[in-house]
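Just below is one structure, and these are the notes that go with it.
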Amino acid sequence: MNKALYDLFMQKSANNNERYEQSLAEVIQSIALLGLSRTNFFERSAFYGGTALRILYGLDRFSEDLDFSLLEPDPDFKLMEYYHAIAVELKGFGLNAEIYEKQKSVQTSTESAFIKTDTIIAIAAITGKPESSFGIPQGTTKVKFEIDINPPSGAKTEMKYCEEPIPFSLRCYDLPSLFAGKMHALLARSWKNRVKGRDWYDYTFYITKKVPVALHHLEARLRQTGHYSETKPLSKEVFIEMVKARIMSIDFENAKKDVERFIQRPQDLDVWSKDFFMYLTSKIEIQ
């Protein structure tokens, strides 16, 4: 049994109200990042998205995926070149996992893969306890990792330190650039009948932490996906009107149902309503 891994898993289990599968996923995420940090990966790319916000900036919700972006477009980039480094790191901590590429049904600007392990066997290996002692069903834990190989312009990055499972450094988007990425998701994501309440939870986090939106980077993202095509630059006023229109289209009761399983205090969502998010929107700051 690896003591550093055991301590990390037990800490996460305590923080997650003994949601063992979620805690295992978070452990795998941390080890995968460590493995990538031992290569040139963070010389070429940066960590971003909800998991970056949780690990590096204190977002208090579970996030499933590891999202990355190249610093410069490179259509020849191959994510599979880094599978071995992740696998070696996982094995070094006593975890057996399969890493495999996600097969694309359509051509996209992202490369995706999964880390998969048997949930109960992995937890038993970490804790040294019998497989029958956790009261969870048989199944697999999957962590998706994905990289944008054609990134829009304007994002700023910084080097950050992680302490889990051992100290290491990585490159990530700064907070205003992360917020711009989240705003692009809020404005451009096609939800249909499944509202992604996690986006709105993160929106609340950014605004209450007084993080400004990197408007130039947001504009580049919106132009890349065809959600803003005006000849003049995106202004704060136009951006705010886009956000307000999006708020008016959302069923926030459905949004609550999406996010409540990822947070510790579902009662924190009681305030959610169109009026609440309109209030938050009046507080948005621009960089």
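Of note:
- Normalised by 2.2 N^0.38 Å, with N the number of residues, the alpha-carbon radius of gyration of the stretch 3-173 equals 1.03.
- Dipole check for the stretch 49-89: with +1 at the C-beta of Lys and Arg, -1 at the C-beta of Asp and Glu, and the Cα centre as origin, the magnitude is about 200 Debye.
- Computed packing ranks the peptides 42-50, 276-284 as 42-50, 276-284, most packed first, by mean other Cβ atoms within 10 Å.
- In Hz, Karplus ³J(HN,Hα) per residue of the stretch 57-66 (6.51, -1.76, 1.60; θ = phi - 60°; x = Gly, Pro): 10, x, 4, 9, 9, 6, 10, 7, 10, 9
- For the stretch 167-215, diffusion coefficient by Stokes-Einstein and Kirkwood Rh (Cα), 10 °C, 1.306 mPa s, µm²/s: 133 µm²/s
- Shape box of the chain [Cα atoms, principal axes, largest first, Å]: 59, 45, 36
- For the stretch 176-281, the convex hull spanned by the alpha carbon atoms encloses 99 Å³ per residue.
- Value of [θ]222 nm, deg cm²/dmol, for the chain, DSSP H segments ≥ 4, -39500 (n - 2.57) each, nearest 500: -13000 deg cm²/dmol
- Values of log10 I(q)/I(0), in the order q = 0.24 Å⁻¹, for the stretch 1-75 under a Debye, Cα-only, solvent-free model: -1.16
- Put a plus charge on the Cβ of each Lys and Arg, a minus charge on the Cβ of each Asp and Glu, and nothing anywhere else: the dipole of the stretch 176-281 about its Cα centre is then about 280 debye.
- Assigned charges on the beta-carbon of Lys, Arg, Asp, Glu; the chain dipole about Cα centre (debye): 420 debye
- For the chain, a Gaussian network of Cα nodes joined below 10 Å ranks ILE123, ILE136, ILE55 by mean-square fluctuation, and the top entry is ILE136.
- Beta-bridge orientation, the stretch 3-173: approximately 80 percent antiparallel, per DSSP, counting only bridges with both partners inside.
- Relative contact order (percent, whole number), the stretch 34-109, Cα cutoff 8 Å, 6+ residue spacing: 32 percent
- Positive-end extreme of charge dipole, the chain - chosen from CYS162, GLY135, LEU33 (charges on Cβ): GLY135
- For the stretch 112-190, the relative contact order comes to 24 percent (Cα pairs under 8 Å, sequence separation of at least 6).
- Over the chain, relative contact order from alpha-carbon pairs under 8 Å, at least 6 apart, %: 19 percent
- Between THR110 and GLU64, the contour length at 0.36 nm per residue exceeds the alpha carbon distance by 14.9 nm.
- Of the beta bridges in the chain, as assigned by DSSP with both residues counted there, near 80 percent are antiparallel.
- Projected-area mean, the stretch 105-251, by convex hull of Cα positions, square nanometres: 12.7 nm²
- In terms of the mean number of neighbouring beta-carbon atoms within 10 Å, the peptides 160-171, 13-24 order highest first as 13-24, 160-171.
Values in this text are rule-based calculations from the coordinates and carry no lab data. These numbers were taken from a predicted model, which means no experiment stands behind them. Neighbour counts are summed over all protein chains in view; Cβ atoms, including those assigned to glycine, are modelled from backbone coordinates with ideal geometry.
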